[in-house]
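See below for the structure under consideration.
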Amino acid sequence: MRMKRSIGERLFGGANAILMTGLIIVTLYPLLHVLNASLSDSGQLMAHRGLLLFPKGITMESYKLVLSNPNILSGYRNTIFIVVVGTALNLLFTILGAYTLSRKSFMLRNPIMLAIVFTMFFNGGIIPSYLLINNTLHMGNSLWALIVPGLISSYNLIIMRTSFAEISESLLESARIDGAGEVLILWRIVVPLSMPVIAVMILFYGVGHWNSWFSAILYIRDRNLFPLQLVLREILIQNSTDSMTTGATAMDKEAIGESVKYATVMVATLPILFIYPFLQKYFVKGVMIGAIKE
């Protein structure tokens, strides 16, 4: 039987719906504006004022210019390498570390966890890190400088360790009695039972690598090794669109440059937007599994 709601509950529900609708509009409009601007004719876009709810003269010209830019293509290649290889290594080392630290039989787990938590609040800073990676490890001007220093995130390690610790010890003990070693237990039992939290780790590490640009500024000097986000930063902040507006007049260059900026943002954003829905269903479940200790 449907329960009758009080006036207060109806008012609260109505206000909540209005607030949520407003938040959805505020969240989605910037993305819609960028999409519409990237599809608009550059001349009409420059003449337009106010909200941009629909493209002004639909054209794909700005996307053709962006995709013909060799810096965008090399940026994509480098970013895909960083995301795929970096996330795979992140997962491997985080899983190994989390499993070891989740076992009560490991005597040093508490001192090591204390040291890991310590690094979440205190670190050496930018200059010592730069000297270590560039001068001591000689990884400067290499894509490995963007992968190796962040192989294990302390926050992600703690989430995964908590998730692994919740797996029944009697289940693991049964496997040991049957002759399974720790490696077999990890990859045949623990990992398959922890797929939600692993999916969340893929999302955390993958999005982190995709959006990362500051480390590239510090360590990468060869333009052929620039990740996509660093190329995007040059185009948006430093107005580096000359290579894509060759042959246009000064006025047209400004208009085309604006369309190119919007198209570049879409090209750099769409891949991660397409991946997110496939991992979203694991997101809340995975974080809660790793965050709650009963």
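Per-residue extension of 0.36 nm, minus the Cα-Cα distance of residue 189 and residue 64, leaves a gain of 40.2 nm for this segment.
Here the chain is treated with +1 on each Lys and Arg Cβ and -1 on each Asp and Glu Cβ, and its dipole about the Cα centre works out to around 700 debye. May I ask you to derive the relative contact order of region 87-154, considering only C-alpha pairs under 8 Å and at least 6 residues apart, and to give it as an integer percent? 46 percent. Once the Cβ-Cβ distance of residue 224 and residue 7 is raised to the sixth power relative to R0 = 51 Å, the FRET efficiency obtained is 0.15.
In a DSSP loop and with at most 11 other Cβ atoms within 10 Å, the chymotrypsin sites (Phe, Trp or Tyr not before Pro) in region 88-153 are 122. In the chain, the longest principal axis of the Cα atoms and the axis of helix 154-165 are about 40 degrees apart. Relative to the current alpha-carbon distance between residue 107 and residue 214, full extension at 0.36 nm per residue lengthens the span by 34.7 nm. When the trypsin sites (Lys or Arg not before Pro) in region 77-165 are filtered for DSSP coil states and for at most 10 other beta-carbon atoms within 10 Å of their beta-carbon, the remaining sites are 104.
In whole percent, and with a 1.4 Å probe on the protein chains, what portion of the accessible area of region 27-81 is carbon and sulfur? About 71 percent, which is the carbon plus sulfur part of the accessible surface. Between residue 272 and residue 138, the FRET efficiency from the beta-carbon distance, with R0 = 45 Å, is close to 0.90. When you filter the trypsin sites (Lys or Arg not before Pro) in region 196-236 for DSSP loop state and at most 14 other Cβ atoms inside 10 Å of their Cβ, you are left with 221.
Accessible surface area normalised per residue over the chain is 60 Å², counting heavy atoms of protein chains with a 1.4 Å rolling probe.
The values are calculated or read from the model by the stated rules, or taken from the named source; none is laboratory data. Values in this document were obtained by computation on a predicted structure and should not be read as measured data. Don't worry about glycine lacking a Cβ; one is built from the backbone with ideal geometry, like all the others, and counts go over all protein chains shown. Keep in mind that these areas ignore ligands, DNA and RNA; they rest on the heavy atoms of the full protein, side chains included. Shrake-Rupley method; radii C 1.70, N 1.55, O 1.52, S 1.80 Å.
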